[in-house]
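Asks: Supplied in C-alpha coordinates, the structure appears directly below.
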There are 2 protein chains.
Amino acid sequence: MSVDSPRTLSDQLFEKLQHAIVRGDLAAGMRLSEAELASRYGVSRGPLREAIHRLESRKLVVRTPHSGTKVVSLGQNELLDIYQIREVLEGLACRLAATKMSTSQIDQLYRLLESHQQQSDLQEGIAYFQQEGDLDFHYRIVTGSGNQRLIDTLCGELYHQIRMYRYQASTGGNRPVHAFNEHQHIVDALADGDGEMAELLMRRHIRTSRLRLEKTWNNSRSNPVSAVNKNNKTEERQETVL
Amino acid sequence: MSVDSPRTLSDQLFEKLQHAIVRGDLAAGMRLSEAELASRYGVSRGPLREAIHRLESRKLVVRTPHSGTKVVSLGQNELLDIYQIREVLEGLACRLAATKMSTSQIDQLYRLLESHQQQSDLQEGIAYFQQEGDLDFHYRIVTGSGNQRLIDTLCGELYHQIRMYRYQASTGGNRPVHAFNEHQHIVDALADGDGEMAELLMRRHIRTSRLRLEKTWNNSRSNPVSAVNKNNKTEERQETVL
DNA sequence: CTCTGGCTAATTGTTGACAATTGGCCTTCT
DNA sequence: AGAAGGCCAATTGTCAACAATTAGCCAGAG
(Lines give C-alpha, C1' and ligand atoms only; values in the text may rest on other atoms or scores of the structure.)
Protein backbone atom coordinates (compact mmCIF):
# COMPACT_ATOMS: atom_id res chain seq x y z
CA MET A 1 0.00 0.00 0.00
CA SER A 2 2.98 2.25 -0.39
CA VAL A 3 2.11 5.46 -2.15
CA ASP A 4 2.56 5.62 -5.89
CA SER A 5 5.93 7.16 -6.47
CA PRO A 6 5.37 10.52 -8.08
CA ARG A 7 5.41 9.92 -11.77
CA THR A 8 6.59 12.97 -13.59
CA LEU A 9 10.11 14.27 -13.25
CA SER A 10 8.75 17.66 -12.36
CA ASP A 11 6.93 16.21 -9.36
CA GLN A 12 9.95 14.26 -8.19
CA LEU A 13 12.16 17.30 -8.56
CA PHE A 14 9.72 19.42 -6.63
CA GLU A 15 9.82 17.07 -3.68
CA LYS A 16 13.58 16.61 -3.81
CA LEU A 17 14.21 20.32 -3.96
CA GLN A 18 11.70 20.99 -1.23
CA HIS A 19 13.41 18.46 0.97
CA ALA A 20 16.84 19.82 0.15
CA ILE A 21 15.75 23.34 0.98
CA VAL A 22 14.09 22.36 4.23
CA ARG A 23 17.09 20.35 5.36
CA GLY A 24 19.44 23.15 4.45
CA ASP A 25 21.31 21.23 1.77
CA LEU A 26 20.40 24.20 -0.35
CA ALA A 27 21.25 26.96 2.07
CA ALA A 28 18.92 29.86 2.69
CA GLY A 29 19.68 32.79 0.44
CA MET A 30 21.70 30.62 -1.92
CA ARG A 31 21.37 31.34 -5.58
CA LEU A 32 20.05 28.46 -7.67
CA SER A 33 21.63 27.99 -11.07
CA GLU A 34 19.29 26.18 -13.40
CA ALA A 35 22.08 24.62 -15.42
CA GLU A 36 23.88 23.33 -12.36
CA LEU A 37 20.78 21.92 -10.71
CA ALA A 38 19.67 20.30 -13.94
CA SER A 39 22.96 18.48 -14.37
CA ARG A 40 23.12 17.65 -10.66
CA TYR A 41 19.76 15.88 -10.75
CA GLY A 42 20.30 14.53 -14.23
CA VAL A 43 17.33 16.16 -15.90
CA SER A 44 16.68 18.84 -18.42
CA ARG A 45 15.88 22.41 -17.58
CA GLY A 46 12.23 22.06 -18.53
CA PRO A 47 10.96 19.98 -15.62
CA LEU A 48 13.36 21.80 -13.35
CA ARG A 49 11.80 25.14 -14.16
CA GLU A 50 8.33 23.75 -13.58
CA ALA A 51 9.43 22.56 -10.16
CA ILE A 52 10.97 25.94 -9.40
CA HIS A 53 7.75 27.71 -10.27
CA ARG A 54 5.92 25.50 -7.84
CA LEU A 55 8.49 26.16 -5.16
CA GLU A 56 7.95 29.84 -5.77
CA SER A 57 4.21 29.50 -5.18
CA ARG A 58 5.00 27.69 -1.95
CA LYS A 59 7.30 30.53 -0.97
CA LEU A 60 10.37 28.37 -0.67
CA VAL A 61 12.29 30.26 -3.34
CA VAL A 62 12.21 33.83 -4.58
CA ARG A 63 12.51 34.42 -8.28
CA THR A 64 13.44 37.65 -10.01
CA PRO A 65 12.72 37.53 -13.75
CA HIS A 66 15.73 37.26 -16.03
CA SER A 67 17.99 37.39 -13.05
CA GLY A 68 17.71 34.19 -11.09
CA THR A 69 16.09 32.38 -8.20
CA LYS A 70 17.32 32.21 -4.65
CA VAL A 71 16.35 30.05 -1.73
CA VAL A 72 14.12 32.11 0.52
CA SER A 73 15.78 33.32 3.68
CA LEU A 74 13.19 34.08 6.27
CA GLY A 75 13.97 36.63 8.89
CA GLN A 76 12.60 36.91 12.37
CA ASN A 77 9.68 39.04 11.34
CA GLU A 78 8.58 36.54 8.72
CA LEU A 79 8.74 33.72 11.23
CA LEU A 80 6.68 35.71 13.72
CA ASP A 81 4.12 36.34 10.97
CA ILE A 82 3.93 32.61 10.38
CA TYR A 83 3.49 31.89 14.08
CA GLN A 84 0.64 34.37 14.30
CA ILE A 85 -1.09 32.54 11.47
CA ARG A 86 -0.33 29.17 13.00
CA GLU A 87 -1.92 30.27 16.23
CA VAL A 88 -5.36 30.87 14.78
CA LEU A 89 -5.17 28.12 12.16
CA GLU A 90 -4.14 25.34 14.51
CA GLY A 91 -6.62 26.61 17.03
CA LEU A 92 -9.29 26.08 14.42
CA ALA A 93 -7.83 22.67 13.63
CA CYS A 94 -8.14 21.65 17.27
CA ARG A 95 -11.71 22.82 17.50
CA LEU A 96 -12.62 20.75 14.46
CA ALA A 97 -10.52 17.76 15.46
CA ALA A 98 -12.28 17.59 18.80
CA THR A 99 -15.46 16.51 17.08
CA LYS A 100 -14.00 14.72 14.08
CA MET A 101 -11.16 12.56 15.36
CA SER A 102 -11.95 8.96 16.11
CA THR A 103 -11.06 7.41 19.43
CA SER A 104 -8.41 5.28 17.75
CA GLN A 105 -6.82 8.37 16.27
CA ILE A 106 -6.76 9.96 19.70
CA ASP A 107 -5.23 6.80 21.14
CA GLN A 108 -2.50 7.11 18.55
CA LEU A 109 -1.89 10.64 19.78
CA TYR A 110 -1.49 9.37 23.33
CA ARG A 111 0.95 6.73 22.19
CA LEU A 112 2.90 9.36 20.29
CA LEU A 113 3.14 11.42 23.46
CA GLU A 114 4.35 8.38 25.37
CA SER A 115 7.19 7.83 22.95
CA HIS A 116 8.15 11.49 23.26
CA GLN A 117 8.03 11.11 27.02
CA GLN A 118 10.42 8.17 26.91
CA GLN A 119 12.77 10.00 24.59
CA SER A 120 12.80 12.91 26.97
CA ASP A 121 13.46 10.61 29.92
CA LEU A 122 16.31 8.80 28.27
CA GLN A 123 18.10 11.77 26.90
CA GLU A 124 17.47 15.38 27.68
CA GLY A 125 19.20 17.16 24.90
CA ILE A 126 17.92 15.53 21.75
CA ALA A 127 16.59 18.67 20.19
CA TYR A 128 16.47 17.19 16.74
CA PHE A 129 14.03 14.38 17.28
CA GLN A 130 12.07 16.37 19.75
CA GLN A 131 11.54 19.08 17.20
CA GLU A 132 10.47 16.68 14.48
CA GLY A 133 8.28 14.88 16.96
CA ASP A 134 6.68 18.16 17.91
CA LEU A 135 5.69 18.87 14.34
CA ASP A 136 4.52 15.29 13.96
CA PHE A 137 2.16 15.86 16.85
CA HIS A 138 0.78 19.03 15.31
CA TYR A 139 0.64 17.38 11.92
CA ARG A 140 -1.65 14.63 13.15
CA ILE A 141 -4.06 16.97 14.83
CA VAL A 142 -4.29 19.16 11.76
CA THR A 143 -4.91 16.09 9.62
CA GLY A 144 -7.63 15.08 12.03
CA SER A 145 -9.49 18.32 11.47
CA GLY A 146 -10.95 17.03 8.25
CA ASN A 147 -10.69 20.44 6.61
CA GLN A 148 -8.66 19.64 3.54
CA ARG A 149 -7.83 23.22 2.77
CA LEU A 150 -6.60 23.75 6.28
CA ILE A 151 -4.47 20.64 6.03
CA ASP A 152 -2.91 21.82 2.78
CA THR A 153 -2.16 25.29 4.06
CA LEU A 154 -0.53 24.15 7.27
CA CYS A 155 1.18 20.93 6.25
CA GLY A 156 1.93 21.95 2.70
CA GLU A 157 3.23 25.44 3.23
CA LEU A 158 3.77 26.71 6.74
CA TYR A 159 5.26 23.60 8.32
CA HIS A 160 7.97 23.34 5.69
CA GLN A 161 9.12 26.84 6.41
CA ILE A 162 9.12 26.24 10.15
CA ARG A 163 11.14 23.08 9.71
CA MET A 164 13.49 24.98 7.43
CA TYR A 165 14.04 27.58 10.09
CA ARG A 166 14.56 24.98 12.80
CA TYR A 167 17.17 23.19 10.73
CA GLN A 168 19.16 26.31 10.03
CA ALA A 169 18.82 27.77 13.51
CA SER A 170 19.13 24.44 15.34
CA THR A 171 17.07 25.99 18.06
CA GLY A 172 18.44 24.26 21.05
CA GLY A 173 16.97 25.47 24.31
CA ASN A 174 13.65 23.94 23.47
CA ARG A 175 11.35 23.40 26.35
CA PRO A 176 10.60 19.70 26.14
CA VAL A 177 8.95 19.15 29.49
CA HIS A 178 6.84 22.24 29.36
CA ALA A 179 5.67 21.63 25.81
CA PHE A 180 5.03 18.00 26.62
CA ASN A 181 2.58 18.88 29.35
CA GLU A 182 0.81 21.32 27.07
CA HIS A 183 0.52 18.64 24.43
CA GLN A 184 -0.93 16.29 26.99
CA HIS A 185 -3.60 18.78 28.03
CA ILE A 186 -4.53 19.36 24.41
CA VAL A 187 -5.04 15.69 23.76
CA ASP A 188 -7.08 15.42 26.94
CA ALA A 189 -9.37 18.15 25.65
CA LEU A 190 -9.64 16.37 22.32
CA ALA A 191 -10.51 13.14 24.09
CA ASP A 192 -13.23 14.98 25.97
CA GLY A 193 -14.58 16.31 22.70
CA ASP A 194 -14.16 19.79 24.15
CA GLY A 195 -13.40 21.79 21.04
CA GLU A 196 -13.36 25.20 22.66
CA MET A 197 -10.89 24.09 25.29
CA ALA A 198 -8.69 22.37 22.73
CA GLU A 199 -8.65 25.51 20.62
CA LEU A 200 -7.80 27.66 23.60
CA LEU A 201 -4.99 25.39 24.73
CA MET A 202 -3.50 25.07 21.27
CA ARG A 203 -3.55 28.81 20.70
CA ARG A 204 -1.88 29.40 24.03
CA HIS A 205 0.65 26.69 23.27
CA ILE A 206 1.69 28.31 20.00
CA ARG A 207 1.55 31.80 21.40
CA THR A 208 3.94 30.73 24.14
CA SER A 209 6.32 29.37 21.55
CA ARG A 210 6.17 32.62 19.66
CA LEU A 211 6.85 34.70 22.74
CA ARG A 212 9.75 32.44 23.60
CA LEU A 213 11.23 33.05 20.17
CA GLU A 214 10.90 36.81 20.60
CA LYS A 215 12.48 36.59 24.03
CA THR A 216 15.40 34.56 22.72
CA TRP A 217 16.03 37.10 20.00
CA ASN A 218 15.86 40.00 22.37
CA ASN A 219 18.45 38.34 24.57
CA SER A 220 20.75 37.63 21.67
CA ARG A 221 20.60 41.29 20.86
CA SER A 222 23.24 41.76 23.54
CA ASN A 223 24.85 38.53 22.46
CA PRO A 224 25.42 39.24 18.81
CA VAL A 225 27.30 36.04 18.15
CA SER A 226 24.12 34.00 17.90
CA ALA A 227 22.07 36.73 16.37
CA VAL A 228 20.56 35.26 13.25
CA ASN A 229 19.19 37.25 10.38
CA LYS A 230 17.83 40.13 12.29
CA ASN A 231 16.26 42.10 9.54
CA ASN A 232 16.79 39.71 6.72
CA LYS A 233 18.89 41.79 4.41
CA THR A 234 18.87 39.41 1.48
CA GLU A 235 15.16 39.39 0.92
CA GLU A 236 13.48 41.23 -1.87
CA ARG A 237 9.92 42.01 -1.00
CA GLN A 238 7.75 40.32 -3.58
CA GLU A 239 4.60 42.11 -4.52
CA THR A 240 1.24 40.51 -4.10
CA VAL A 241 -0.54 39.39 -7.23
CA LEU A 242 -3.78 41.29 -7.29
CA MET B 1 3.54 55.06 -12.03
CA SER B 2 1.74 52.22 -13.69
CA VAL B 3 3.07 48.91 -12.55
CA ASP B 4 5.75 47.25 -14.59
CA SER B 5 3.96 44.87 -16.87
CA PRO B 6 4.83 41.36 -15.82
CA ARG B 7 7.93 40.48 -17.70
CA THR B 8 7.99 36.83 -18.59
CA LEU B 9 5.34 35.13 -20.68
CA SER B 10 4.88 32.61 -17.92
CA ASP B 11 3.93 35.36 -15.49
CA GLN B 12 1.55 37.02 -17.92
CA LEU B 13 -0.07 33.69 -18.72
CA PHE B 14 -0.46 32.92 -15.05
CA GLU B 15 -2.37 36.12 -14.45
CA LYS B 16 -4.47 35.80 -17.58
CA LEU B 17 -5.42 32.23 -16.81
CA GLN B 18 -6.13 33.07 -13.19
CA HIS B 19 -8.40 35.89 -14.29
CA ALA B 20 -10.11 33.70 -16.88
CA ILE B 21 -10.74 30.98 -14.34
CA VAL B 22 -12.06 33.36 -11.71
CA ARG B 23 -14.38 35.07 -14.16
CA GLY B 24 -15.62 31.76 -15.46
CA ASP B 25 -14.33 32.18 -19.00
CA LEU B 26 -12.68 28.86 -18.32
CA ALA B 27 -15.59 27.06 -16.72
CA ALA B 28 -15.19 25.07 -13.54
CA GLY B 29 -14.45 21.44 -14.24
CA MET B 30 -13.43 22.21 -17.81
CA ARG B 31 -10.52 20.28 -19.18
CA LEU B 32 -7.59 22.40 -20.29
CA SER B 33 -5.84 21.31 -23.44
CA GLU B 34 -2.27 22.52 -23.50
CA ALA B 35 -2.13 22.70 -27.29
CA GLU B 36 -5.34 24.65 -27.57
CA LEU B 37 -4.48 27.12 -24.81
CA ALA B 38 -1.01 27.62 -26.22
CA SER B 39 -2.34 28.52 -29.65
CA ARG B 40 -5.14 30.60 -28.15
CA TYR B 41 -2.71 32.78 -26.25
CA GLY B 42 -0.11 32.66 -28.97
CA VAL B 43 2.67 31.11 -26.93
CA SER B 44 4.52 27.86 -26.78
CA ARG B 45 3.70 25.05 -24.40
CA GLY B 46 6.72 25.72 -22.26
CA PRO B 47 5.63 28.91 -20.48
CA LEU B 48 2.08 27.62 -20.49
CA ARG B 49 3.04 24.56 -18.50
CA GLU B 50 4.95 26.68 -16.02
CA ALA B 51 1.86 28.82 -15.52
CA ILE B 52 -0.29 25.73 -15.09
CA HIS B 53 2.01 24.39 -12.41
CA ARG B 54 1.66 27.63 -10.53
CA LEU B 55 -2.10 27.52 -10.88
CA GLU B 56 -1.99 24.03 -9.44
CA SER B 57 -0.10 25.24 -6.38
CA ARG B 58 -2.72 27.94 -5.97
CA LYS B 59 -5.41 25.28 -6.20
CA LEU B 60 -7.12 26.78 -9.21
CA VAL B 61 -6.56 23.74 -11.39
CA VAL B 62 -6.22 20.05 -10.68
CA ARG B 63 -3.65 18.10 -12.61
CA THR B 64 -3.48 14.36 -13.05
CA PRO B 65 -0.13 13.25 -14.47
CA HIS B 66 -0.13 12.12 -18.08
CA SER B 67 -3.84 12.66 -18.25
CA GLY B 68 -4.59 16.35 -18.18
CA THR B 69 -5.51 19.33 -16.08
CA LYS B 70 -8.98 20.56 -15.26
CA VAL B 71 -10.24 23.77 -13.77
CA VAL B 72 -11.01 23.11 -10.14
CA SER B 73 -14.68 22.86 -9.34
CA LEU B 74 -15.25 23.54 -5.71
CA GLY B 75 -18.22 22.02 -4.03
CA GLN B 76 -20.15 23.26 -1.07
CA ASN B 77 -17.97 21.47 1.42
CA GLU B 78 -14.82 23.01 -0.01
CA LEU B 79 -16.34 26.46 0.17
CA LEU B 80 -17.38 25.91 3.76
CA ASP B 81 -13.83 24.82 4.55
CA ILE B 82 -12.58 28.05 3.06
CA TYR B 83 -15.03 30.12 5.06
CA GLN B 84 -13.93 28.45 8.27
CA ILE B 85 -10.36 29.42 7.49
CA ARG B 86 -11.39 32.90 6.48
CA GLU B 87 -13.13 33.36 9.79
CA VAL B 88 -10.04 32.91 11.91
CA LEU B 89 -7.62 34.45 9.42
CA GLU B 90 -9.54 37.65 8.85
CA GLY B 91 -10.25 37.84 12.53
CA LEU B 92 -6.51 37.89 13.05
CA ALA B 93 -6.16 40.46 10.29
CA CYS B 94 -8.60 42.74 12.07
CA ARG B 95 -6.83 42.41 15.38
CA LEU B 96 -3.55 43.39 13.75
CA ALA B 97 -5.06 46.09 11.57
CA ALA B 98 -6.56 47.78 14.61
CA THR B 99 -3.10 48.72 15.80
CA LYS B 100 -1.33 49.03 12.47
CA MET B 101 -3.65 50.94 10.18
CA SER B 102 -3.09 54.66 9.88
CA THR B 103 -5.94 57.10 10.36
CA SER B 104 -5.85 57.97 6.68
CA GLN B 105 -6.23 54.32 5.78
CA ILE B 106 -9.21 54.07 8.08
CA ASP B 107 -10.68 57.20 6.52
CA GLN B 108 -10.36 55.50 3.16
CA LEU B 109 -12.33 52.59 4.58
CA TYR B 110 -15.10 54.95 5.67
CA ARG B 111 -15.20 56.50 2.23
CA LEU B 112 -15.38 53.07 0.67
CA LEU B 113 -18.36 52.26 2.86
CA GLU B 114 -20.02 55.50 1.82
CA SER B 115 -19.74 54.61 -1.83
CA HIS B 116 -21.23 51.22 -1.09
CA GLN B 117 -24.00 52.92 0.79
CA GLN B 118 -24.81 55.14 -2.15
CA GLN B 119 -24.76 52.23 -4.55
CA SER B 120 -27.17 50.39 -2.31
CA ASP B 121 -29.43 53.42 -2.13
CA LEU B 122 -29.52 54.00 -5.84
CA GLN B 123 -30.08 50.46 -6.91
CA GLU B 124 -30.99 47.55 -4.75
CA GLY B 125 -30.16 44.60 -6.93
CA ILE B 126 -26.63 45.20 -8.09
CA ALA B 127 -25.23 42.01 -6.74
CA TYR B 128 -22.18 42.17 -8.93
CA PHE B 129 -20.62 45.37 -7.73
CA GLN B 130 -21.75 44.77 -4.22
CA GLN B 131 -19.94 41.47 -4.16
CA GLU B 132 -16.77 42.88 -5.60
CA GLY B 133 -17.02 45.81 -3.24
CA ASP B 134 -17.41 43.44 -0.35
CA LEU B 135 -14.18 41.70 -1.19
CA ASP B 136 -12.53 45.06 -1.76
CA PHE B 137 -13.44 46.00 1.79
CA HIS B 138 -12.00 42.80 3.19
CA TYR B 139 -8.99 43.15 0.95
CA ARG B 140 -8.05 46.51 2.37
CA ILE B 141 -8.33 45.41 5.95
CA VAL B 142 -6.19 42.36 5.32
CA THR B 143 -3.62 44.51 3.59
CA GLY B 144 -3.66 46.79 6.59
CA SER B 145 -2.69 43.97 8.91
CA GLY B 146 0.94 44.28 7.89
CA ASN B 147 1.41 40.51 8.05
CA GLN B 148 2.70 39.78 4.57
CA ARG B 149 2.16 36.07 4.84
CA LEU B 150 -1.41 36.60 5.90
CA ILE B 151 -1.93 38.98 3.00
CA ASP B 152 -0.58 36.46 0.52
CA THR B 153 -2.64 33.59 1.86
CA LEU B 154 -5.92 35.49 1.85
CA CYS B 155 -5.55 37.76 -1.16
CA GLY B 156 -3.45 35.42 -3.23
CA GLU B 157 -5.30 32.18 -2.69
CA LEU B 158 -8.56 32.17 -0.84
CA TYR B 159 -10.11 35.31 -2.28
CA HIS B 160 -9.68 34.11 -5.84
CA GLN B 161 -11.58 30.97 -5.11
CA ILE B 162 -14.35 32.84 -3.38
CA ARG B 163 -14.66 35.22 -6.30
CA MET B 164 -14.67 32.24 -8.63
CA TYR B 165 -17.53 30.69 -6.76
CA ARG B 166 -19.46 33.94 -6.67
CA TYR B 167 -19.11 34.37 -10.40
CA GLN B 168 -20.35 30.91 -11.19
CA ALA B 169 -23.11 30.88 -8.60
CA SER B 170 -24.10 34.53 -9.07
CA THR B 171 -25.29 34.45 -5.52
CA GLY B 172 -28.13 36.84 -5.67
CA GLY B 173 -29.96 37.20 -2.40
CA ASN B 174 -27.01 38.88 -0.83
CA ARG B 175 -27.74 40.82 2.28
CA PRO B 176 -26.44 44.26 1.43
CA VAL B 177 -27.94 46.26 4.24
CA HIS B 178 -27.13 43.78 6.94
CA ALA B 179 -23.58 43.30 5.77
CA PHE B 180 -23.14 47.02 5.40
CA ASN B 181 -23.95 47.62 9.03
CA GLU B 182 -21.55 44.91 10.09
CA HIS B 183 -18.85 46.48 7.99
CA GLN B 184 -19.53 49.81 9.61
CA HIS B 185 -19.17 48.40 13.09
CA ILE B 186 -15.91 46.72 12.15
CA VAL B 187 -14.43 49.96 10.90
CA ASP B 188 -15.62 51.70 14.04
CA ALA B 189 -13.74 49.17 16.11
CA LEU B 190 -10.66 49.65 13.96
CA ALA B 191 -10.91 53.40 14.40
CA ASP B 192 -11.07 52.89 18.16
CA GLY B 193 -7.97 50.74 17.98
CA ASP B 194 -9.97 48.00 19.65
CA GLY B 195 -8.37 44.92 18.16
CA GLU B 196 -10.29 42.38 20.19
CA MET B 197 -13.61 43.89 19.24
CA ALA B 198 -12.64 44.15 15.58
CA GLU B 199 -11.60 40.51 15.59
CA LEU B 200 -14.81 39.45 17.24
CA LEU B 201 -16.98 41.41 14.83
CA MET B 202 -15.16 40.19 11.77
CA ARG B 203 -15.35 36.58 12.85
CA ARG B 204 -19.05 36.92 13.51
CA HIS B 205 -19.49 38.68 10.17
CA ILE B 206 -17.90 35.84 8.25
CA ARG B 207 -19.53 33.17 10.34
CA THR B 208 -22.89 34.71 9.53
CA SER B 209 -22.09 34.58 5.84
CA ARG B 210 -21.12 30.96 6.16
CA LEU B 211 -24.31 30.04 7.98
CA ARG B 212 -26.29 31.91 5.37
CA LEU B 213 -24.65 29.82 2.64
CA GLU B 214 -25.49 26.61 4.47
CA LYS B 215 -29.05 27.75 4.95
CA THR B 216 -29.43 28.61 1.27
CA TRP B 217 -28.17 25.20 0.27
CA ASN B 218 -30.47 23.43 2.67
CA ASN B 219 -33.43 25.28 1.22
CA SER B 220 -32.46 24.48 -2.33
CA ARG B 221 -32.48 20.85 -1.32
CA SER B 222 -36.23 20.94 -1.79
CA ASN B 223 -35.76 23.24 -4.77
CA PRO B 224 -33.45 21.16 -6.90
CA VAL B 225 -33.49 23.55 -9.83
CA SER B 226 -30.99 25.87 -8.22
CA ALA B 227 -29.04 23.19 -6.47
CA VAL B 228 -25.44 23.69 -7.44
CA ASN B 229 -22.75 21.10 -7.14
CA LYS B 230 -23.97 19.39 -4.05
CA ASN B 231 -21.26 16.88 -3.55
CA ASN B 232 -18.96 17.95 -6.30
CA LYS B 233 -18.85 14.85 -8.41
CA THR B 234 -16.14 15.98 -10.76
CA GLU B 235 -13.45 16.47 -8.20
CA GLU B 236 -10.64 14.08 -7.65
CA ARG B 237 -9.33 14.36 -4.15
CA GLN B 238 -5.73 15.43 -4.40
CA GLU B 239 -3.39 14.00 -1.86
CA THR B 240 -1.35 16.17 0.38
CA VAL B 241 2.35 16.35 -0.29
CA LEU B 242 4.01 15.14 2.84
C1' DC C 1 -24.23 -10.24 -25.71
C1' DT C 2 -20.43 -9.17 -22.77
C1' DC C 3 -15.90 -9.05 -21.53
C1' DT C 4 -11.05 -9.21 -22.50
C1' DG C 5 -7.12 -8.01 -25.11
C1' DG C 6 -4.27 -5.37 -27.98
C1' DC C 7 -3.83 -1.46 -31.07
C1' DT C 8 -4.00 3.33 -32.45
C1' DA C 9 -4.48 8.13 -32.05
C1' DA C 10 -4.19 11.99 -29.19
C1' DT C 11 -2.20 14.32 -25.37
C1' DT C 12 1.22 15.03 -22.07
C1' DG C 13 6.21 14.88 -20.53
C1' DT C 14 10.98 15.74 -21.85
C1' DT C 15 14.77 17.35 -24.32
C1' DG C 16 18.18 20.27 -26.62
C1' DA C 17 18.82 24.25 -29.42
C1' DC C 18 17.82 29.18 -30.09
C1' DA C 19 16.70 34.03 -28.62
C1' DA C 20 16.56 37.76 -25.29
C1' DT C 21 17.81 40.09 -21.26
C1' DT C 22 20.88 41.10 -17.42
C1' DG C 23 25.02 42.40 -15.05
C1' DG C 24 29.81 42.97 -14.96
C1' DC C 25 33.98 44.71 -17.25
C1' DC C 26 36.57 47.52 -19.97
C1' DT C 27 37.28 51.56 -22.53
C1' DT C 28 36.97 56.35 -23.00
C1' DC C 29 35.88 61.04 -22.17
C1' DT C 30 35.60 64.89 -18.96
C1' DA D 1 40.80 59.92 -11.09
C1' DG D 2 35.99 59.23 -11.49
C1' DA D 3 31.98 58.52 -14.02
C1' DA D 4 29.45 57.35 -18.08
C1' DG D 5 28.73 54.58 -21.87
C1' DG D 6 28.90 50.54 -24.54
C1' DC D 7 30.48 45.74 -25.25
C1' DC D 8 30.71 40.82 -23.99
C1' DA D 9 29.87 36.70 -21.45
C1' DA D 10 26.71 34.17 -18.76
C1' DT D 11 22.18 33.03 -17.46
C1' DT D 12 17.42 32.90 -18.07
C1' DG D 13 13.27 32.69 -21.17
C1' DT D 14 11.18 30.55 -25.25
C1' DC D 15 10.47 27.43 -28.83
C1' DA D 16 9.68 23.32 -31.67
C1' DA D 17 10.72 18.52 -32.26
C1' DC D 18 10.94 13.93 -29.95
C1' DA D 19 9.58 10.27 -26.58
C1' DA D 20 6.39 8.16 -23.40
C1' DT D 21 2.09 7.32 -21.40
C1' DT D 22 -2.90 7.23 -21.41
C1' DA D 23 -7.54 6.41 -22.93
C1' DG D 24 -10.67 5.15 -26.23
C1' DC D 25 -11.84 1.84 -29.88
C1' DC D 26 -12.27 -2.20 -32.39
C1' DA D 27 -11.89 -6.99 -32.88
C1' DG D 28 -12.33 -11.52 -31.26
C1' DA D 29 -13.28 -15.13 -27.95
C1' DG D 30 -16.20 -17.12 -24.38
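Asks: For the pair A and B, how large is the buried accessible area, both sides, in square angstrom to the nearest 100, if the probe is 1.4 Å?
Replies: Chain pair A/B: roughly 4300 Å² of buried accessible area.
Asks: Sticking with this structure for a sec: Please compute the net charge surrounding B:ARG40, taking Lys and Arg as +1 and Asp and Glu as -1 over other residues with Cβ under 13 Å from its Cβ.
Replies: Cβ neighbours under 13 Å give a net charge of -1.
Asks: Okay, next question. In whole Hz, what ³J(HN,Hα) sequence does the stretch A:34-48 give by Karplus (6.51, -1.76, 1.60; θ = phi - 60°), x for Gly and Pro?
Replies: Karplus-based 3J(HN,Hα) across the stretch A:34-48 equals 4, 4, 5, 4, 4, 5, 4, 8, x, 10, 8, 6, x, x, 4 Hz.
Asks: Would you mind checking A:LYS59/B:LYS59; A:LYS16/A:LYS70; B:LYS16/B:LYS70; A:LYS59/A:LYS215; A:LYS16/A:LYS59 for any pair whose Cα atoms are more than 22 angstrom apart?
Replies: A:LYS59/A:LYS215
Asks: Work out how much length A:THR8 to A:ARG31 would gain on full extension: take 0.36 nm times their residue separation and subtract the Cα-Cα distance, in nm to one decimal.
Replies: 5.8 nm
Asks: For B:LEU32, list long-range residues whose amide hydrogen, built 1.01 Å from N in the peptide plane, is under 5 Å from its own amide hydrogen.
Replies: B:THR69, B:LYS70, B:VAL71
Asks: Taking the Cα centre of the stretch B:76-222 as origin, work out the dipole magnitude from +1 charges on Lys and Arg Cβ and -1 charges on Asp and Glu Cβ, in debye rounded to 20.
Replies: Here the size comes out at about 400 debye.
Asks: Apply the a/c threshold of 1.5 to the C-alpha gyration tensor of the stretch A:6-73 and tell me whether it is rounded, prolate or oblate.
Replies: Rounded shape, in that the Cα axes give a/c under 1.5.
Asks: Can I ask one more? Summarise the partner chain shielding of A:145-156 as one whole number: the mean count of Cβ atoms from other chains within 10 Å of each residue's Cβ.
Replies: Whole-number average of other-chain Cβ neighbours for A:145-156 is 5.
Asks: How high is the relative contact order of the stretch A:1-64, given as a whole-number percent (alpha carbon pairs under 8 Å, six or more residues apart)?
Replies: Over the stretch A:1-64, the number comes to 37 percent.
Asks: Related question: Could you give me the percent of Cα pairs per 10 Å distance bin for the stretch B:65-109, shortest bin first, beginning at zero and ending with the bin that holds the maximum distance?
Replies: Percent of Cα pairs in each bin: 21, 27, 24, 19, 8, 1.
The values are calculated or read from the model by the stated rules, or taken from the named source; none is laboratory data. Treat the numbers as computed from the prediction; the structure is a model and nothing was measured. Heads up, the Cβs are rebuilt from the backbone with ideal geometry, glycines too, and the neighbour counts pull from every protein chain shown. Side chains included, ligands, DNA and RNA excluded: accessible areas come from the protein's heavy atoms. Shrake-Rupley method; radii C 1.70, N 1.55, O 1.52, S 1.80 Å.
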